[in-house]
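Asker: Below you will find the structure I want to go over with you.
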């Protein structure tokens, strides 16, 4: 069984083979992997190096907590991964970015309007939550295509607030 | 639904009624009962008194841990309880007590033999475990009917070590 | 005993804690240790919280929003009455610095574990506070009087020179506070500060202060009994802030020597005496590069960061609060207070340090606390705890003690590595990065350090391969299990053997 | 640096910890805090233990029985070689007091974090120890020389007068020790002590000592560097024992004043110097009613109860051990050591205090540790941990600090209430009962107190009704759920409503 695991733009090919054991990028590794009870607490001994972690499945990735740092890991079966790469090769991605609310709260201000040109990092929404004002910023350069909220509105987590049409995406 | 709960020789009649709420020995109580996740950690507010506990089911009872103390609670449906009481009334219990090993270990000595008369509290087996010698004592007065082990034997938890025939049991 | 200033002081045996989270638990523990029985209150969001489970009694007081529960004075007084509580501890935040609440307690014959209402009132009004302490000889930062128009304040700003600080008269904890470097940014700053202050305190009065640059935030912890004795318990270094929210506090401070400590302490005592202060309180100072210090404000309550002082002085500040409220004389005199060792506190917040410290909500799915020598955790979170936008984002405090500052830092690094919280993002990586930073290690920082000269971008993280492997093994485990459920007969468990095989090879 | 006495002292950066449980974790944490990387070893029983998970590296060393894993010197030296560990910390128990292990480390060029082999050897032989310290002017308890026949010892016992104590020459920690009050009980005592000693130490030599009655067990903590500096860190009160196993320790002792502390400290330093001692060690004394003290033995290792000394002196003893082993001079001089506050340790054992303290085995199903100010837990257990008969029954240590003894006791009560362990029976109720006992509170106890004048029978427990209710609600919840699984369509959820109904009524 071959998997491709992606962490922070780094890719690892991990092979789990009944005969050959575990190989990372084709290098065999001595692995002892233990789950503590039914919890997400895991213990790994990798060539005797001890790594203690919490691992949880999310919608489209795995959260892995090691020594205070949270890693967002995408794990794909190698075949699925190749198919997806083939499909996306040469195609142009439809460039639409959506700014969503990271938590419930109240909209304090929306300093952009439809048609505005924004740069990556520009403030597009000010949201009050946990007694603080938080600035939501554009994730990319582009043009504001729609604004779904106004100041004073109560919003839920993951609610779509502002849409941005991106510059033409590069073929990957 | 009526239950009889027994703790340390004390009995409580606990009624759980969809209409009348919860009654302990016929007295209505204001109860707020919460389980924390799927764990055995429970929180009880009983007439606003807060009780925090861990509750676990055992073979024939419930273990309840409150403020460091472990309570052994037997819970029976009232009908079952009554039936059992009726059955045991007037009957004579077959008086046989078995001394079992409370943990795995090695038998150091068995200072009794078949036919010996023992008093409650007399030493019948010396067991070494957790690097200490532990003395197992007769749970009742009686006569030794069998001895299943000898010094040097390895024993498992709950293994039967010595049998004692009790004095004639009293009718309950 | 009802004092002339309206402060009620008497022995009590049952205490209501008008708060939630870690501080409610902290107060409960102190009360239990003094043999005082405890009454907790909880909103719908907090039924399963530790402060409810650890209290002797607990009462429900309404829906999650604080304005409908923890901030409703009538509900709290009603619970006190129903439960027979003779005293109320407000904790910090919520009603802790509302003079009206202290007064309402006194009027109801309930001991308020805090200062007299009048002291809260004076110190809660920044302008009145400045006037009062100035009269007592305490140095203050130059600024405008209250009640000036935007135009007058703008003129004053130009005259005193930028940068200036827009501050809410009712403010505290950094809320309603905005630094302004250019005259053209003043209108926006006035508006933002008013909005925040209105939302947080129901009052939108603002004023200006000169912004002291390269300043440190140093505060002095005080204890004052109802018999006129006031002592200081040394200083806390609180310069590491972001948007005026403290993130890391230490005791003692790297830059305060014995002489400066004594001078700041004596000025702090004078400031407290100027309002006939009783109970625990803190005088916040700005300390400039030349070791001049200016009164900023007084916090007329227990502070979040009180543990660092407890660890270096050996004094249990919350127990002292309760003793003082019971009318006892301070057992400690100034000469009994000695600073020994070093303590550091990291505030663990539900926020994402890699994404502009955006607050993070969710349900706590795992919580493993660090432990061992020199480590203290004051936490109010639990597995199953929903971190909501209703309350502030601080979920726990991690405090480490060492014989020296270096040892405290190294211990903090170790403890941060041990700490495991899942379900929300936390600022633990921020703290780890700070503990590795040369500027922090050498004590070279001021109140702007975090915002202006500290970045998470240069943090090196070297466990990516292990993370990739762990996620893959978990995913593989799951898919194998799923396959076995679907067709149990069709496959044996040999796919699993490699795992134990590697184990066996090593045995 | 290899000293004349064979002790190897040098800087090292990687440490192997030849132990398990709470002490392995304690040492790991100290090493991490000094930037030393760590190597753990584990038997089959301990793969998931915290010391494996928290170490930088971990190596499997065999089956659960200690004689096949933690006691096998060759395996440990092999792991040191494979991992590149330059030093070994033995913890307590296992190989900590085997001179042969210390020597084997030195021979392999590995730093042994402890004293020279010769010091272990002398102090490990009770008789040689007596002779050596007596020559250095240290008072000892009267007793027989080694190698006497049973007849000679019986005659000596009659001469010195009963009660006497049968002791294993190789003994320690109360193993192979038997008090005897009548001459006719001597043969049984000889036999039992020999059996235990043979099993525990592979040596069945025993001897006699006069039993000092109404005595307290007071010990002095020492630190000695490799440059000839030796200091004492005050005393620990360890009189609360059962079958010579310590249960509760305190620092300081209720009965030791500054003068006695100085005298005992100086005698302890002399005893250590008599064997050129290096690293952490403890001199155990018996203190009689008249404040005469007698040398009992020296523990040539870190002790279980070291945390109480750490809390009242502020010194991290394990970090000091590592610094000493790296060849550093002590930073502290005798005059730097000050005792501040009070600390108490309760050993949490898997045993049933209501059933003759019978050890309890099983799997830990829940573990919730107490926390907050002044509370330290050194624990090696975890949920899923199987408590086996292979290792000793101490699963955790709870240590509380207070400004005074009274405050430490009250805090301990609070912490014991917060502690939750399920799956095995623990002695927490014993500790709770002790913390409530007037004799303990007034400091009036000796080494026989627990066995002869303390009973669990008079303990009052008042939560029986709540326990009954909680078990009934859990049972009801389970039966309702089961009923719904069997016939989901046949019943609605109305049986559940009463629960939420009561909640709703209150909102």
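Asker: Considering only residues that are under 18 Å from residue C:245 (Cβ atoms) and not in a loop (DSSP other than H, G, I, E, B), which ones fall in region C:335-386?
Answerer: C:344, C:345, C:346, C:347, C:348, C:349, C:351, C:352, C:358, C:359, C:378, listed by residue number.
Asker: Right, here's the next one. Against the definition (under 13 Å from the mean Cα position of the chain (by Cα), assigned to a loop (DSSP other than H, G, I, E, B) and crowded, with 19+ Cβ neighbours inside 10 Å), how does residue D:302 come out, yes or no? Give the derivation first.
Answerer: Working: under 13 Å from the mean Cα position of the chain (by Cα): yes; assigned to a loop (DSSP other than H, G, I, E, B): yes; crowded, with 19+ Cβ neighbours inside 10 Å: yes.
For residue D:302, the condition - under 13 Å from the mean Cα position of the chain (by Cα), assigned to a loop (DSSP other than H, G, I, E, B) and crowded, with 19+ Cβ neighbours inside 10 Å - is met.
Asker: Right, residue C:58: part of a loop (DSSP other than H, G, I, E, B) and surrounded by 24 or more Cβ atoms within 10 Å (Cβ to Cβ) or not?
Answerer: Answer is no for this residue.
Asker: Now a separate question. From D:370, D:389, which residue is touching a helix residue (DSSP H, G or I) at 6+ places or on another chain (Cβ under 6 Å) and either within 11 Å of chain B (Cβ to nearest Cβ) or without any contact (Cβ under 8 Å) to a residue 60 or more places away in the chain (or both)?
Answerer: Just one listed residue meets the conditions, D:370.
Asker: Just to verify a result, which residue in region D:351-367, among those that are touching a strand residue (DSSP E or B) at 6+ places or on another chain (Cβ under 6 Å) and within 8 Å of chain B (Cβ to nearest Cβ), is farthest from residue C:379 (Cα to Cα)?
Answerer: D:358
Asker: I've got another one for you. State which residue is farthest from residue C:477 (Cα to Cα) when the search covers only region A:23-40 and only residues that are assigned to a strand (DSSP E or B) and within 7 Å of chain C (Cβ to nearest Cβ).
Answerer: Among those that are assigned to a strand (DSSP E or B) and within 7 Å of chain C (Cβ to nearest Cβ), it is A:24.
Asker: Could I ask something else about it? Can you find even one residue in region D:16-34 that is within 11 Å of another protein chain (Cβ to nearest Cβ), in a loop (DSSP other than H, G, I, E, B) and either over 30 Å from residue D:129 (Cβ atoms) or within 21 Å of the chain's Cα centre (by Cα) (or both)?
Answerer: Checked region D:16-34: at least one residue is within 11 Å of another protein chain (Cβ to nearest Cβ), in a loop (DSSP other than H, G, I, E, B) and either over 30 Å from residue D:129 (Cβ atoms) or within 21 Å of the chain's Cα centre (by Cα) (or both).
Asker: If only one of A:68, A:37 is crowded, with 16+ Cβ neighbours inside 10 Å, over 17 Å from the mean Cα position of the chain (by Cα) and not assigned by TED's automatic domain parsing to the domain that holds residue A:143, which one is it?
Answerer: Exactly one of A:68, A:37 is crowded, with 16+ Cβ neighbours inside 10 Å, over 17 Å from the mean Cα position of the chain (by Cα) and not assigned by TED's automatic domain parsing to the domain that holds residue A:143, namely A:68.
Asker: Another question, then. May I ask you to verify whether residue D:413 is touching a strand residue (DSSP E or B) at 6+ places or on another chain (Cβ under 6 Å), surrounded by fewer than 22 Cβ atoms within 10 Å (Cβ to Cβ), facing another protein chain (nearest Cβ under 9 Å) and closer than 23 Å to residue B:63 by Cβ?
Answerer: Working: touching a strand residue (DSSP E or B) at 6+ places or on another chain (Cβ under 6 Å): no; surrounded by fewer than 22 Cβ atoms within 10 Å (Cβ to Cβ): yes; facing another protein chain (nearest Cβ under 9 Å): yes; closer than 23 Å to residue B:63 by Cβ: yes.
Taking the combined requirement at face value, the residue does not satisfy it.
Asker: Hey, another quick one. Being surrounded by fewer than 23 Cβ atoms within 10 Å (Cβ to Cβ), within 13 Å of chain A (Cβ to nearest Cβ) and within 19 Å of residue D:380 (Cα to Cα) narrows it down to one residue among D:47, D:53; which is it?
Answerer: Unique residue meeting the criteria: D:47.
Asker: Being within 14 Å of chain D (Cβ to nearest Cβ) and touching a residue at least 24 places away in the same chain (Cβ under 8 Å) is the filter; apply it to region B:118-136 and report the residue that is nearest to the chain's Cα centre (by Cα).
Answerer: B:136
Asker: So if I check each of A:90, A:152, which one is surrounded by fewer than 16 Cβ atoms within 10 Å (Cβ to Cβ), at positive phi and at pLDDT below 85?
Answerer: It is A:90.
Asker: Given the conditions (1) without any contact (Cβ under 8 Å) to a residue 24 or more places away in the chain; (2) surrounded by 24 or more Cβ atoms within 10 Å (Cβ to Cβ), which single one is not true for residue D:26?
Answerer: Failing condition for residue D:26: (1).
Asker: Sort out for me the strands (runs of 3 or more DSSP E) sitting completely within region C:148-265 that have 3 or more residues that are without any contact (Cβ under 8 Å) to a residue 40 or more places away in the chain and crowded, with 17+ Cβ neighbours inside 10 Å.
Answerer: C:175-180
Asker: Here's another thing I want to ask about it. Quickly run through region D:320-331 and pick out the residues that are within 13 Å of chain C (Cβ to nearest Cβ) and over 13 Å from residue D:310 (Cβ atoms).
Answerer: Scanning region D:320-331 gives D:322, D:323, D:330, D:331.
Asker: Quick one: in region C:392-410, of everything that is without any contact (Cβ under 8 Å) to a residue 60 or more places away in the chain and closer than 30 Å to residue D:313 by Cβ, which residue is nearest to the other protein chains (Cβ to nearest Cβ)?
Answerer: Across region C:392-410, the extreme among qualifying residues is C:410.
Asker: So in region B:41-67, with the set limited to residues that are closer than 26 Å to residue C:80 by Cα and not in a strand (DSSP E or B), which one is farthest from the other protein chains (Cβ to nearest Cβ)?
Answerer: B:47
Asker: Counting only residues that are facing another protein chain (nearest Cβ under 8 Å), give me the helices (runs of 4 or more DSSP H) lying completely in region C:421-469 with at least 2 of them.
Answerer: C:428-436
Asker: Taking region B:1-18 on its own, how many of its residues are more than 8 Å from chain D (Cβ to nearest Cβ) and not in a strand (DSSP E or B)?
Answerer: Summing the residues that are more than 8 Å from chain D (Cβ to nearest Cβ) and not in a strand (DSSP E or B) in region B:1-18 gives 1.
Asker: Counting just the residues of region D:171-186 that are touching a helix residue (DSSP H, G or I) at 6+ places or on another chain (Cβ under 7 Å) and either over 24 Å from residue D:124 (Cβ atoms) or at pLDDT 90 or above (or both), which one comes out nearest to the other protein chains (Cβ to nearest Cβ)?
Answerer: Filtering region D:171-186 for residues touching a helix residue (DSSP H, G or I) at 6+ places or on another chain (Cβ under 7 Å) gives D:171, D:175-178, D:180, D:183, D:186.
Next, from what is left, pick out any that are either over 24 Å from residue D:124 (Cβ atoms) or at pLDDT 90 or above (or both): D:180, D:183, D:186.
Details: D:180: 16, D:183: 21, D:186: 18 Å.
Filtering region D:171-186 for residues that are touching a helix residue (DSSP H, G or I) at 6+ places or on another chain (Cβ under 7 Å) and either over 24 Å from residue D:124 (Cβ atoms) or at pLDDT 90 or above (or both), the one nearest to the other protein chains (Cβ to nearest Cβ) comes out as D:180.
Asker: Just checking, which of D:125, D:56 is under 20 Å from residue D:303 (Cα atoms) and either at pLDDT below 95 or in contact with a strand residue (DSSP E or B) (Cβ under 7 Å, 6 or more places away or on another chain) (or both)?
Answerer: Step by step, each of D:125, D:56 is checked, and only D:125 is under 20 Å from residue D:303 (Cα atoms) and either at pLDDT below 95 or in contact with a strand residue (DSSP E or B) (Cβ under 7 Å, 6 or more places away or on another chain) (or both).
Asker: Scanning for something more than 14 Å from chain A (Cβ to nearest Cβ), without any contact (Cβ under 8 Å) to a residue 60 or more places away in the chain and assigned to a loop (DSSP other than H, G, I, E, B), does region C:307-318 turn up at least one residue?
Answerer: Scanning region C:307-318 turns up at least one residue that is more than 14 Å from chain A (Cβ to nearest Cβ), without any contact (Cβ under 8 Å) to a residue 60 or more places away in the chain and assigned to a loop (DSSP other than H, G, I, E, B).
The values are calculated or read from the model by the stated rules, or taken from the named source; none is laboratory data. Please read these numbers as outputs of a predicted model, since none were measured by experiment. Here the Cβ is made from the backbone with ideal geometry for all residues, glycine too, and neighbour counts use every protein chain on show.
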